[in-house]
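Data first, discussion second: the structure below is written as structure tokens.
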Amino acid sequence: MENLSFPREFLWGVSTSAFQIEGAVDEGGRGPSIWDTFTETPGKIANGEHARVAADHYHRHPEDVALMSDLGVGAYRFSFAWPRILPDGKGAPNAEGLAFYDRLIDSVCEAGIAPVATLYHWDTPQPVEDAGGWLARDTAERFAEYAAIMGERFADRVRMWIPLNEPMVMSIYGYAIGEYAPGKALLLDAVPTAHYQHLAHGLSVQALRAAGATRIGTANNHSPIWPEADTEPENAAARWLDALINRLYADPVLLGEYPAELVEHLPDGFAEDLPTIAQPLDFYGVNYYEPQGVRAPGPGNPLPFELRPVEGYPMTTNDSPIVPEALRELLLDFHRRYADRLPPVYLTENGCSFDDRVAEDGGVRDPERIDFLVEHLSAVRAAMDAGVDVRGYFVWSLLDNFEWSKGYAPRFGLVHVDYETLRRTPKDSFAWYRKLVRDE
């Protein structure tokens with residue numbers, strides 16, 4: 001395709017997460033997660049929706065694997081549900097949960113698709129949260145035990161491993177402002193949750209490698225920070241926000257240090273954990289959706305910055321501005337900032353939501369998504385041409401799914417899901433992506 005020429009070995013994939021698609025929350029010995037608790041709390045989810053069924057991937061995964069096989073992707077990034085494996089967060093693993101993922105992974109491998117496994121996509125077992133969650137150091141130890149179980153069971157088949165998805169979102173949305181589970185509102189007192197997630201990452205990398213796993217990385221959500229004006233107060237606010245949502249998550253893993261702005265908010269003794277956190281990685285996953293606007297804080301603001309919308313761009317139905325050039329900016333900034341400490345990069349999530357509907361002829365027309373993919377892949381190609389070592393790209397998402405606090409309204413999938421019948425309908429973007437990955 002024009003302007004989208006990638007190396008033959010470039011890895012094309014799609015991504016999902018367990019809580020957003022699996023359903024079957026009370027089946028197969030699965031225990032409750034913080035998201036089960038959160039969705040059952042009145043007023044937390046748009047329209048009172050829940051994920052008890054979601055896209056029913058738990059029962060329909062053979063159909064979904066067949067869709068991926070038709071799509072022609074080389075990799076499928078999914079997540080294990082921690083409470084499906086360890087309902088109490090510790091102890092002996094749940095045999096039914098392990099057996100489900102055996103079936104899923106075997107079917108993915110049989111389709112000639114590489115399994116890319118995320119150990120944690122925000123679904124903490126509720127008993128772990130009750131014991132302190134990510135505010136407690138012990139959670140990192142429990143997570144390492146879980147990682148060891150998964151490595152021993154699946155290292156022979158999983159091609160790439162991602163211990164934690166987007167710890168920034170858990171820290172900020174889950175603990176700092178409470179928009180996501182577990183619904184805390186601690187502001188900067190949530191910063192210790194970032195450290196304990198990093199410790200869990202480092203300990204789990206060690207546990208996975210001890211179990212024979214290879215190709216271990218991470219997946220962090222990152223955003224370029226755009227100050228409202230080029231003045232020192234606005235630029236200072238931008239530096240602080242960059243430290244909070246970007247460097248707080250990349251620096252410890254890649255450099256073995258924390259940004260100076262956050263040190264006073266970290267738990268005592270954090271420095272002793274940094275060698276464990278900064279385990280050598282085989283790749284660095286970047287999840288990109290949008291830039292973030294910022295300005296200096298106004299009177300009474302307890303934070304050293306104030307978020308601002310990025311205006312003047314088309315918007316998705318998830319209220320994200322569509323800014324492909326910001327992805328190129330982000331990749332180039334990481335290339336400059338981390339230099340030889342940055343391992344090969346994969347775009348582990350990139351996607352958009354629109355109001356996709358099945359037409360009378362049975363098709364789903366989503367030209368906006370095709371444009372989005374063309375423009376963002378062009379930005380990736382431009383970054384590669386400028387020297388960034390990008391090895392692969394995963395579309396978020398294979399399927400329409402439960403989109404956290406916004407419920408089912410935002411549709412991110414290449415495949416439309418009718419949430420009443422659970423019928424899958426590939427969208428026009430599915431056919432477009434299939435042609436791209438098969439031609440490359």
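Data table
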| read-out | value |
| --- | --- |
| Peptides ranked, highest mean first, by Cβ atoms within 10 Å: ranges 207-214, 236-243 | 236-243, 207-214 |
| Hits among lysines - C-alpha to C-alpha of K435 under 19 Å, sequence gap 8 or more where chains match | K427 |
| (1) 153, 78, 40; (2) 55, 51, 45; (3) 99, 53, 52, with the label sought being that of the calculated Cα extents along the principal axes in Å | (2) |
| Point-to-point label distance, E9-V53, nm (Cα→Cβ direction, 7 Å offset) | 4.6 |
| Residue among E290, E368, E360 with the largest mean-square fluctuation in a Gaussian network model of the chain, springs linking Cα atoms under 10 Å | E360 |
| Cross-link reach list, lysines versus K90, counting only Cα pairs under 27 Å and skipping chain neighbours closer than eight places | K184 |
| Compactness of the stretch 103-192 as Cα Rg over 2.2 N^0.38 Å, two decimals | 1.27 |
| Virtual paramagnetic centre 7 Å along Cα→Cβ of D389, amide N under 17 Å, in the stretch 263-282 | 279-282 |
| Solvent-accessible area, 1.4 Å probe, carbon plus sulfur percent, for the chain | 48 |
| Cα-based shape type of the stretch 282-384, given that a ≥ b ≥ c are square roots of the gyration tensor eigenvalues and the cut on a/c is 1.5 | oblate |
| DSSP-defined antiparallel bridges as percent of all bridges, the chain, nearest 5 | 25 |
| Nonlocal amide H pairs with V395, under 5 Å, H built at 1.01 Å | G13, V14, S15 |
| Ellipticity estimate at 222 nm from DSSP helix runs (n ≥ 4, -39,500 (n - 2.57)) divided over the chain, nearest 500 | -11000 deg cm²/dmol |
| Within-13-Å neighbourhood charge of M160 [Cβ basis; K, R +1; D, E -1] | +4 |
| Unit charges on C-beta of K, R, D, E only; dipole of the stretch 68-151, Debye | 140 |
| Förster radius 56 Å - calculated FRET efficiency between A229 and A99, Cβ distance, rounded to 0.05 | 0.45 |
| Fully extended contour minus Cα-Cα distance, from D340 to E110, at 0.36 nm per residue | 79.2 nm |
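The values are calculated or read from the model by the stated rules, or taken from the named source; none is laboratory data. Being a predicted model, the structure only gives us computed values, none of them experimental. Cβ coordinates were reconstructed from backbone atoms using ideal geometry, including for glycine residues, and neighbour counts include every protein chain displayed. Calculation scope for accessible area: heavy atoms of the full protein, side chains included, ligands and nucleic acids excluded. Shrake-Rupley method; radii C 1.70, N 1.55, O 1.52, S 1.80 Å.
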